[in-house]
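FYI, it's all coordinate maths here, none of it is from the lab. Here the structure is a predicted model, which means the values were calculated and not measured. Glycine also receives a Cβ, built like all others from the backbone with ideal geometry; neighbour counts cover every protein chain displayed.
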Amino acid sequence: MHLLGVNIDHVATIREARKTYEPDPVWAAAEAQLGGADLITVHLREDRRHIHDRDLELLRQTVSVELNLEMSLAEQIVEIAQEVAPDMVTMVPESREEVTTEGGLDVVAHAERAQSVIERFHKQDIPVSLFVDPEDEQLKRSRELGADFVELHTGTYANASGPEERSRELERLVRAAEAGRELGLTVNAGHGLTYHNVGAIVQKVFPHELHIGHSIVARAVFVGLREAVRQMKDVIYRAEMLRLAREGPQ
Ligand code: PXP
């Protein structure tokens with residue numbers, strides 16, 4: 001059973017293209033939930049390029065599944081997150097020049113800061129996920145810092161230039177997921193996942209949660225967000241059923 005977290009940042013990106021009030025990410029969250037989203041994810045960036053403080057506040061009041069806040073380690077954002085108290089937080093790296101999150105958070109380099117922020121959320125009983133590259137060192141450090149989840153960065157797999165590179169990256173994710181679980185972490189996966197490449201992740205990596213944004217919002221342009229989420233849930237479910245039919249329970 002894999003949970004689907006739907007990232008609705010891109011709905012706010014469309015709104016910000018005209019600096020207007022529509023489309024409203026709060027409406028998007030309702031539609032995504034009607035389509036079967038298990039979590040709603042937003043990233044409150046320091047530059048507020050898509051999601052705004054108002055969105056986060058209204059989502060906190062209206063989302064009835066879990067609300068996952070992606071965030072950097074910047075103090076200003078940590079304070080807002082503590083005030084809003086989402087159901088879970090995912091720590092990600094952030095740089096102003098990037099189009100989207102590039103690479104995982106280097107938890108080795110940012111260990112001290114990450115640990116103190118994790119402790120603050122734990123005092124509020126808010127579980128913490130660290131978005132990391134599928135590397136042993138990052139996983140070990142995540143465990144030592146007290147993270148509850150790691151989200152394995154699937155971007156390199158998703159952007160692989162051919163089948164060889166793709167299967168190499170998939171293997172890397174498989175090994176990292178096993179290592180993470182052995183360390184006692186709950187392993188999630190996300191970034192760059194689509195209706196076409198998510199199946200192999202479901203079947204081989206067994207993530208607890210899948211976090212997907214762009215591909216779902218892109219399909220929503222044609223079929224509506226509720227239906228786009230429903231179709232993604234269906235792809236995930238069918239991949240799992242196919243694996244079970246072939247291999248039996250994990
Ligand atoms: N997971 C994390 C940690 C992310 O930063 C993002 C992008 O905001 C996603 C998942 C979703 O990525 P995509 O939009 O490529 O599906």
### Query
For the peptides 73-84, 177-188, 137-148, what is the packing order when you average, over each peptide's residues, the other Cβ atoms within 10 Å and list the highest mean first?
137-148, 177-188, 73-84
### Summary
Output row, site LEU242, 7 Å Cα→C-beta label point, backbone N cut-off 17 Å, window the stretch 203-236, residues 203-207, 231-236
### Query
Between ASN159 and PHE222, what is the FRET efficiency for a Förster distance of 22 Å, r being their Cβ-Cβ separation, to the nearest 0.05?
0.45
### Message
Are there any chymotrypsin sites (Phe, Trp or Tyr not before Pro) in the stretch 158-250 that are in a DSSP loop and have at most 12 other Cβ atoms within 10 Å? List them by number.
### Response
none
### Query
Just THR154, THR20, THR62 to compare: in a GNM of the chain, with alpha carbon springs under 10 Å, which one fluctuates most?
THR20
### Query
Once you charge only the Cβ atoms, +1 for Lys and Arg and -1 for Asp and Glu, what is the size of the charge dipole of the stretch 76-182 about its Cα centre, to the nearest 20 debye?
180
### Query
Taking Cα atoms of the stretch 30-103, Rg/Rh with Kirkwood Rh, to two decimals?
0.96
### Message
When a/c reaches 1.5 or more, the comparison of a/b and b/c decides; with that in mind, is the chain rounded, prolate or oblate per its Cα gyration tensor?
### Response
oblate
## Note on the structure
Nearest-0.05 FRET efficiency for ASP53 and THR186 at R0 = 25 Å, using Cβ-Cβ distance, is 0.30
### Task
Rounded to the nearest 500, what is the 222 nm mean residue ellipticity of the chain from helices alone, with -39500 (n - 2.57) per DSSP H run of 4+ residues and division by all residues?
-16000 deg cm²/dmol
### Task
With a cut-off of 14 Å, note down the residues of the stretch 215-229 whose backbone N falls inside the zone around a label point 7 Å from the Cα of ALA17 toward its beta carbon.
217-222
### Query
What is the Cα centroid distance between the stretch 176-191 and the stretch 108-154, reported in whole angstrom?
12
### Task
With +1 on each Lys and Arg Cβ and -1 on each Asp and Glu Cβ, and nothing else charged, work out how big the dipole of the stretch 1-131 is about its Cα centre, in Debye to the nearest 20.
200
#### Entry: Residue (of LEU242, PHE131, VAL229) at the positive-pole extreme of the chain, dipole from beta-carbon charges
LEU242
